[in-house]
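Encoded as structure tokens, the structure appears first; notes follow it.
The values are calculated or read from the model by the stated rules, or taken from the named source; none is laboratory data. Just so you know, these numbers come straight off a predicted model, no measurement behind them. Cβ coordinates were reconstructed from backbone atoms using ideal geometry, including for glycine residues, and neighbour counts include every protein chain displayed.
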């Protein structure tokens with residue numbers, strides 16, 4: 001479907017509820033952050049008690065990844081995660097619509113690592129993961145350094161349409177997740193491109209590898225991309241602090257990467273992500289079925 005035809009169809013009556021919801025979120029984004037945090041707390045309580053399916057997914061993930069914790073500790077972590085998820089919704093809105101002077105306070109640590117990587121002229125993959133701070137982290141980073149990003153269209157066509165527009169507005173190049181040529185072209189043009197490979201699906205570029213010691217479908221394409229382009233792999237993570245500011249951390253580019261063993265490279269990335277998750281476990285995206293569809297020989301844990 002062409003973009004022109006899609007935009008025309010999006011005004012049909014079946015899409016009006018989605019537009020109404022988007023309009024409500026745009027309005028709420030204009031409110032003070034103190035009010036949005038209070039509203040997020042109430043929303044988290046509501047979703048926790050009235051949508052038990054996702055609550056079950058979160059608790060299963062936490063039991064698998066943190067078996068050393070007590071059930072009470074995991075329950076408290078799950079509740080904290082719901083608060084982080086709800087606040088993340090308002091952070092998405094700020095990432096899309098807020099003016100620069102309306103963004104929350106933040107600091108960037110390690111920007112020199114990105115500068116050093118780009119000085120080699122082969123581009124850089126800003127390797128991150130699906131934290132609830134993903135959108136606000138990308139927007140805050142783009143305010144300080146020109147960057148591109150991969151994106152995946154959500155199932156709702158209205159949200160997908162808006163997301164594409166916001167990606168193009170704040171990021172260059174904005175590359176769809178299955179556009180390998182576009183990604184390679186951007187990296188060969190020495191772009192820094194935001195990339196989160198931690199939600200795997202069965203494909204030729206995936207293997208079953210440990211994540212928190214539990215077998216999970218794992219994307220192994222990072223090695224292929226690095227080999228094809230010579231791009232540096234620069235870890236990049238955003239963390240929401242207790243004072244409601246944000247720390248954007250860039251780590252040194254991965255050394256001796258890629259190797260001849262793409263699976264070992266992917267395990268190395270998983271371990272890196274695990275380390276960052278442990279710094280703020282409530283901020284990781286635990287509502288995702290990280291251990292689903294692993295195939296014969298693996299139990300269905302959800």
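Which is touching a strand residue (DSSP E or B) at 6+ places or on another chain (Cβ under 9 Å), assigned to a loop (DSSP other than H, G, I, E, B), at pLDDT 95 or above and surrounded by 13 or more Cβ atoms within 10 Å (Cβ to Cβ), of 258, 235?
Numbers: 235 fails: assigned to a loop (DSSP other than H, G, I, E, B).
Testing whether each residue is touching a strand residue (DSSP E or B) at 6+ places or on another chain (Cβ under 9 Å), assigned to a loop (DSSP other than H, G, I, E, B), at pLDDT 95 or above and surrounded by 13 or more Cβ atoms within 10 Å (Cβ to Cβ) leaves just 258.
For the stretch 273-289, which residues satisfy the criterion of being in contact with a strand residue (DSSP E or B) (Cβ under 6 Å, 6 or more places away or on another chain) and either part of a helix (DSSP H, G or I) or at pLDDT below 95 (or both)?
Of all residues in the stretch 273-289, those in contact with a strand residue (DSSP E or B) (Cβ under 6 Å, 6 or more places away or on another chain) come to 276-277, 280, 283-284.
276, 277, 283 - these are the residues of the stretch 273-289 that are in contact with a strand residue (DSSP E or B) (Cβ under 6 Å, 6 or more places away or on another chain) and either part of a helix (DSSP H, G or I) or at pLDDT below 95 (or both).
Return the total of residues in the stretch 127-162 being more than 24 Å from residue 102 (Cβ to Cβ) and in a strand (DSSP E or B).
Residues that pass the stated criteria total 2.
Give me a count of the residues in the stretch 57-87 that are closer than 22 Å to residue 300 by Cβ and without any contact (Cβ under 8 Å) to a residue 60 or more places away in the chain. Before the answer, list the steps.
Initial filter on the stretch 57-87 (closer than 22 Å to residue 300 by Cβ): 57-67, 71, 74, 78.
Right, trim to without any contact (Cβ under 8 Å) to a residue 60 or more places away in the chain and you get 59, 63, 67, 71, 74.
Result for the stretch 57-87: 5.
Condition check ((1) modelled with pLDDT of 95 or more; (2) closer than 18 Å to residue 212 by Cα; (3) in contact with a helix residue (DSSP H, G or I) (Cβ under 6 Å, 6 or more places away or on another chain)) across all residues:
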site: 49; (1), (2), (3): no, no, no
site: 54; (1), (2), (3): no, no, no
site: 60; (1), (2), (3): yes, yes, no
site: 86; (1), (2), (3): yes, no, yes
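Residue-by-condition table, conditions (1) within 26 Å of residue 9 (Cβ to Cβ); (2) buried (at least 19 other Cβ atoms within 10 Å of the Cβ); (3) touching a strand residue (DSSP E or B) at 6+ places or on another chain (Cβ under 6 Å):
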{"residue": "153", "(1), (2), (3)": "yes, no, no"}
{"residue": "167", "(1), (2), (3)": "yes, yes, yes"}
{"residue": "175", "(1), (2), (3)": "yes, yes, yes"}
{"residue": "178", "(1), (2), (3)": "yes, no, no"}
{"residue": "182", "(1), (2), (3)": "yes, no, yes"}
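In the stretch 1-23, what residues are farther than 17 Å from residue 166 by Cβ and either at pLDDT 95 or above or part of a helix (DSSP H, G or I) (or both)? So that I can check it myself, show each step before the final result.
Within the stretch 1-23, the first condition is being farther than 17 Å from residue 166 by Cβ, and the residues that meet it are 1-2, 4-5, 8-9, 11-17, 20.
If the condition is that a residue be farther than 17 Å from residue 166 by Cβ and either at pLDDT 95 or above or part of a helix (DSSP H, G or I) (or both), then 4, 5, 8, 9, 13, 14, 15, 16, 17, 20 are the ones that fit.
Only one of (1) crowded, with 16+ Cβ neighbours inside 10 Å; (2) at pLDDT below 95; (3) more than 26 Å from residue 10 (Cα to Cα) fails for residue 171. Which number is that?
So residue 171 meets the others, but not (3).
Checking the condition surrounded by 14 or more Cβ atoms within 10 Å (Cβ to Cβ), over 18 Å from the mean Cα position of the chain (by Cα), closer than 18 Å to residue 172 by Cβ and in contact (Cβ under 8 Å) with a residue 12 or more places away in the chain, which residue from 123, 137, 149, 110 passes? Show your work before the answer.
Working: 137 fails: over 18 Å from the mean Cα position of the chain (by Cα); 149 fails: over 18 Å from the mean Cα position of the chain (by Cα); 110 fails: closer than 18 Å to residue 172 by Cβ.
Exactly one residue qualifies, and that residue is 123.
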